[in-house]
Amino acid sequence: MLKFSGLVIWRLGSRTSLRKYSAPSVTGFKAEKSELSRNISERNVEANSVETKDGPSLVAAAFASLNAPDDDERRKPSVKSMKQSRTQQLDSQILRATDVETLLLAAENPVVSRRHALKMVSVLSEWSSSNKVKISDFEKDPRFLKLCRILARTPAGQAMSSLTMAEDLSTVLGITGDDEAARLIANLSLMQMIKVMKALQTKGRRSTPLLRALSYNITKQPETIDLKKSADLLFSMASLNFPDPVLLDRICSDIIESLPANTDKPAVVNSILISLGLLKYRHESVLLALTEWIQTHIKICRPGDIASAVVTLATVDYLPSLVEPLIEAALSLKEDEMVKASSWLDLVFSLLILDKAEKHHLTSTLKPEFIDKLLSAGEIPIPSRRKLMAIDAYIGLKFPQTSIRLAEDISVGVPIVYTKEKSLYIQSIMDTFKSLVSAETFLRKECQSGMGFLYDAEFAVDSKCHPVPLDKAASRKDVYRIAVLGLDYHDFTRKELVPLGVNKLYSRLLQLKGFRVLEIPYTEFSPKEKLVTRVQYIEKRLKEIISTS
């Protein structure tokens, strides 16, 4: 009522008419200003036909019109109601569609929304899953590609430039809602699923429902996943941190099957090895097969291929005797054969983990000219600085007379802290130690090694496992200095539960400093166990260490 009367007053009213509404109802006029302008733009025909000359009669007419039935022939529908009508018609058209052509004909409608596009894709998915239609019947249809662009929410120009990329359902699956997309995946071919995985990796989109659906359906595929597809999948899984064990096993089995047919493509082998290292996946059969392939085809392999294989073997701490030729090839490599200085540092550090590095390899990474090469690419990353610190510590302990050492400023300000999960695990270990070593004079926590890593605690015991104050332990030769290293889930390789190679190196460095290392893996020590059980476990391990010493 107020909207209608306000409209007429605005169009016909004079100063006198407006003054009559300037008292109590002036607020109402302000509140309806936006509605007023919208009604004007919709050109209400009935308002134009009013010829009332004064305000009161106009209001009375408005009240009367509220009770009068709408005259469809006399009133024209508003733009908004017309749009709603077209939307409802499109919904009905989609529901009535019984074949691809009828359904895609609806995509030509100018009012197609994201909701409509998703509905049409869902219908196509249901038809293809029931073998009513084939994906090839519509995946390249321009109207289907239009639905892809609508779902992608891209501007028209960008959509046209990416038209050639939207050749299959991978475009849709990369942009629709996760649950809906996961339901559509079962209808894709193996190649299309791999495209979806690569698209997720490119966008950095870690959608767990979507990745699980992909993993499940890829694993079910009967055809063999060739080396190129395996490399793409492994790299995507590593980038998205999605180490699904079932899919990884399936890929590794297919790699072993496909590898003999590859005679001239070391790049794909290199990619697979790098991804396995990033995933910390210790699948010994596939690692052995890949390293033996490199040894057999050493003449066509680049220095970087050899270095990548050594880095992966060191990461998962796997060094079978059959790969000795590969290690010899790696030891013969020169610094200038590496593409980047950081690649040489990674190789030397990996050789150190495997206990194969020679002195000249180690000292080459500490020379000022090599440090300058690292700095030429910008500030040296923290992980690289920690590697340099470990190499320098090893040289100082193993070759104390060596004059080439790491510049002090490289190790200054390197943050070495626990992750949140590791902190909780270490805290449970320290809580257990309170029953064994209570006073702070007997136990030091969160010890900075000065070698690029933390060790969790330090204490000393005599031959009967009785605690000894730390200040007295340094001068006594009849005591054992114990360094504690807690190993949580992230300190182990996948598939085979073995400590990562870098943790083995840390233990060796502590042993070189005169410690007996007490490693406490999460596989043997559970914070959920009773306190007495945890204490008994640590006492048992201590006795084993001392008796072995």
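The values are calculated or read from the model by the stated rules, or taken from the named source; none is laboratory data. Everything quoted here is computed from the prediction, not taken from an experiment. Every residue, glycine as well, gets a Cβ built from its backbone with ideal geometry; the counts of neighbours run over all protein chains shown. Each accessible area value is taken on the protein alone, full model and side chains, heavy atoms only, with ligands, DNA and RNA left out. Shrake-Rupley method; radii C 1.70, N 1.55, O 1.52, S 1.80 Å.
Observations
- Portion, in percent, of the accessible area of the range 364-403 that falls on carbon or sulfur, probe 1.4 Å: 53
- In whole percents, the pair-distance distribution calculated for the range 172-296 from its alpha-carbon pairs, binned every 5 Å from zero, is 2, 11, 23, 24, 18, 12, 7, 3, 1, 0.
- Carbon and sulfur %, accessible surface of the range 459-536 computed with the full protein complex present, 1.4 Å: 50
- Per-pair calculated FRET efficiency, R0 = 51 Å: ASP264 and VAL417 via Cβ, rounded to 0.05: 0.65
- Directionally averaged projected area (convex hull, Cα atoms, the range 197-259), nm²: 3.8
- Listed pairs LYS280/LYS434; LYS334/LYS495; LYS280/LYS340; LYS359/LYS504; LYS434/LYS472 exceeding 25 Å between Cα atoms: LYS280/LYS434; LYS334/LYS495
- Cβ-defined net charge surrounding TYR455, 15 Å radius [Lys, Arg +1; Asp, Glu -1]: +3
- Pair ASN131, LYS203: separation of 7 Å Cα→Cβ label points (nm): 3.2
- Between THR224 and GLU446, the simple label model (points 7 Å from Cα in the Cβ direction) yields a spacing of 5.4 nm.
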